[in-house]
Every structure is written in C-alpha cells, then in structure tokens.
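Report on the structure given below.
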Amino acid sequence: MKVIKFLAYWIITIIQFFGVYTYFNQVLDWHGIVGIIVAIITAGIPVVGTIVGVLGVHYGWDWTWPAALALYLCPYILMGLIILLYTLFDQ
C-alpha cells in the first residue's frame, strides 16, 4: 500500500509540475530556467501546486474549469476510495 501511495504522489506531482510550468511559461511569460525552477518549487507544495496547476491547465492548455479540476482532484478522490476500500476489506 505504501508503494501505491508513493507512486500516486509522484505521478500527481509530475502532472502538477507540467501544469504549473505551463502557467509560468505561457501565461506569465517566465521562459527558461526561471520558470522551471519556480515550477519545481511550486509543484512540490501540495495545495499551492494544485491551485497553480489548475490555472495552468485552464489558461495554458485551454481546458474548461471542470476538466482542469477533474485532472487534479480525481487522483485524490480515487486514492481516498482505494484507502477506504482497503481498510474496509482488509481481513
């Protein structure tokens, strides 16, 4: 179970990085190494990375708000369901 949580966390972090980098690169025009460094730092912060990632997906990738929110919130909801089912049926 710890391995699944670890992998899920890093997959979410990588997706957040690309969304955050898109926000800094395309929306705020922070090109190059500055955008990458700020995106790496920001993507590692759970709530801030999610918020900026949703903004990057919405404004940078031109996704709708529900699609951008689903991209970032569905993994947390699915992980919560997996943990709930694991605790209920672990016998």
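What follows is calculated from the coordinates using simple rules that are stated; it is not laboratory data. These numbers were taken from a predicted model, which means no experiment stands behind them. Positions of Cβ are backbone-derived with ideal geometry, glycine not excepted, and every protein chain shown enters the neighbour counts.
Here are a few things to note about the model shown:
- The chain: relative contact order as a whole-number percent, Cα under 8 Å and 6+ apart: 30
- Max mean-square fluctuation residue, GNM over the chain, Cα-Cα springs under 10 Å, options 33, 41, 15: 33
- Sorting the segments 45-56, 68-79 by their mean number of nearby beta carbons within 10 angstrom, highest to lowest, gives 45-56, 68-79.
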